[in-house]
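Have a look at the structure below before the remarks.
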Amino acid sequence: MHVLNIGSVNIDHVTRVDHVVRPGETLASTRYDSFAGGKGLNQSIALARAGAPTRHAGAVGRDAAWLIDRLKRDGVDVALLKVTDLPTGHAIIQVTPTGENAIVVHGGANLAVTAEEVARAVTSCSRGDVLLVQNETSAVAEAIRMGRRRGLKVVFNPAPMSPAVRDCPLQDVDIFILNETEAEGLTGQRSPEGVRAAMVASYPHAATVLTLGRRGAAYIDSSGLLCHPGFAVRAVDTTAAGDTFIGYFLAELLRTGLPAKALALGCHAAAIAVTRPGASDSIPWLQEVLDDTEAVPNE
């Protein structure tokens with residue numbers, strides 16, 4: 001079973017700042033770094049490092065050969081990744097000393113994904129494979145619709161949340177993965193209990209994974225609510241924590257079919273990622289997570 005991720009690929013420009021810049025303020029950074037990033041790329045790398053066979057489809061500019069090589073080195077199949085004359089998508093990220101971040105994203109080539117390319121990617125899959133999509137590329141609605149028709153398990157991470165999400169065929173989604181902000185945008189609720197009530201009422205055949213930052217994550221479906229606490233660690237950079245969780249959660253769910261084990265592994269991997277700087281660079285390998293005995297779940 002494979003995962004097809006139709007997702008974004010970005011160059012992350014990361015500045016270290018004392019605090020997130022305020023309107024009208026000019027702020028000197030204490031450090032600048034450039035990393036491979038984008039929710040799609042991060043999630044593909046997390047999936048591959050967690051042991052899931054992963055294909056990445058999308059679009060990059062001609063300045064992104066190093067990003068393609070990066071995906072290849074991590075074991076991601078990039079045969080479906082298109083190179084265009086548009087600039088590669090990029091993000092400008094501010095990171096504070098406590099690890100919190102603020103991000104501005106420019107879509108660039110990510111918005112050049114066409115319905116025809118989505119169809120070609122989806123038809124490369126077998127029935128029962130997993131389709132993962134976020135909200136940082138074009139043709140998201142088409143991907144969800146075509147994935148359902150092909151018989152794929154459709155996983156949707158509507159990040160960043162926008163009004164366009166409601167125009168997608170959400171009834172075709174098998175698993176929603178939401179943080180609290182995305183959950184509130186979709187349901188008007190933030191608590192696990194409130195999100196569960198709203199999601200089960202609107203999408204009774206789907207499951208929802210709700211990520212709660214340092215408080216862990218929850219798995220929600222019509223049969224109940226399953227929670228796992230976060231891990232007690234000192235955060236350095238939270239940029240790719242959610243993407244790390246998603247990759248590890250899905251990889252473990254594919255391996256075992258057990259949401260409880262998937263939540264535990266996803267939370268553990270994300271806890272390791274936030275102790276390191278960068279986005280994709282912070283994502284641990286599976287053996288690192290299995291060998292880690294220092295991270296302890298919060299009480």
_Checking the structure you have, find out if any residue of the range 1-16 is more than 17 Å from the chain's Cα centre (by Cα) and of a type in the set (D, E, K, R)._
yes
*Scanning the range 4-27 for residues that are assigned to a strand (DSSP E or B) and of a type outside the set (A, V, I, L, M), which turns out surrounded by the most Cβ atoms within 10 Å (Cβ to Cβ)?*
Asn5
*Right, Val200: assigned to a helix (DSSP H, G or I) and over 30 Å from Gln94 (Cα atoms) or not?*
yes
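Can you report the number of residues in the range 68-80 which are outside any loop (DSSP other than H, G, I, E, B) and over 17 Å from Glu136 (Cβ atoms)?
In the first step, residues of the range 68-80 are kept if they are outside any loop (DSSP other than H, G, I, E, B); the result is 68-73, 77.
Filter once more, keeping what is over 17 Å from Glu136 (Cβ atoms): 68-70, 72-73, 77.
Adding up the residues that qualify gives 6.
Restrict the check to the range 205-214 and report whether at least one residue is of a type in the set (S, T, N, Q) and surrounded by fewer than 20 Cβ atoms within 10 Å (Cβ to Cβ).
Going residue by residue through the range 205-214, those that are of a type in the set (S, T, N, Q) are 208, 211.
If we keep only those that are surrounded by fewer than 20 Cβ atoms within 10 Å (Cβ to Cβ) too, we end up with none.
Scanning the range 205-214, I find no residue that is of a type in the set (S, T, N, Q) and surrounded by fewer than 20 Cβ atoms within 10 Å (Cβ to Cβ), so the answer is no.
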*Within the range 56-108, track down each residue that is buried (at least 16 other Cβ atoms within 10 Å of the Cβ) and on the phi > 0 side of the Ramachandran plot.*
Gly58, Gly99, Gly108
*Select from the range 48-70 the residues that are closer than 19 Å to Pro277 by Cα and touching a strand residue (DSSP E or B) at 6+ places or on another chain (Cβ under 6 Å) and list them in ascending order.*
Leu67, Arg70
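Specify the residue that is nearest to Leu152 (Cα to Cα); the eligible residues are those in the range 28-67 that are more than 15 Å from the chain's Cα centre (by Cα), of a type in the set (Gly, Ala, Ser) and outside any strand (DSSP E or B). Let's see the steps before the verdict.
So in the range 28-67, the residues more than 15 Å from the chain's Cα centre (by Cα) come out as 28-35, 51, 53, 59-67.
Narrowing the set further to residues that are of a type in the set (Gly, Ala, Ser) leaves 28-29, 34, 51, 59, 61, 64-65.
Restricting the remaining residues to those that are outside any strand (DSSP E or B) gives 28-29, 51, 64-65.
Values: Ala28: 47, Ser29: 45, Gly51: 19, Ala64: 29, Ala65: 30 Å.
Going through the qualifying residues, I end up with Gly51.
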*Single residue of Leu263, Leu258, Leu253 found to be more than 20 Å from Ala159 (Cα to Cα), out of contact with any Ser or Thr (no Cβ under 9 Å at 6 or more places or on another chain) and buried (at least 24 other Cβ atoms within 10 Å of the Cβ)*: Leu253
*Give me a count of the residues in the range 171-204 that are surrounded by 15 or more Cβ atoms within 10 Å (Cβ to Cβ) and among the hydroxyl-bearing types (Ser, Thr, Tyr).*
2
*Please name all residue pairs, on different chains or six or more residues apart, with Cβ atoms under 9 Å, provided the first residue is in the range 128-148 and is part of a helix (DSSP H, G or I) and the second residue is surrounded by 23 or more Cβ atoms within 10 Å (Cβ to Cβ) and polar (S, T, N, Q).*
Val140/Gln134; Ala143/Thr137
*asked:* If I go through the range 81-101 residue by residue, how many of them are assigned to a loop (DSSP other than H, G, I, E, B) and under 26 Å from Val233 (Cβ atoms)?
replied: 5
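Among the helices (runs of 4 or more DSSP H) lying completely within the range 226-299, list those that include at least 2 residues that are at pLDDT 95 or above and touching a strand residue (DSSP E or B) at 6+ places or on another chain (Cβ under 7 Å). Full working, then the answer.
Values: elements: 241-256, 259-273, 286-291.
The helices (runs of 4 or more DSSP H) meeting that bar are 241-256, 259-273.
The values are calculated or read from the model by the stated rules, or taken from the named source; none is laboratory data. As the structure is a computational prediction, the values presented were derived from the model and not from experiment. Every residue, glycine as well, gets a Cβ built from its backbone with ideal geometry; the counts of neighbours run over all protein chains shown.
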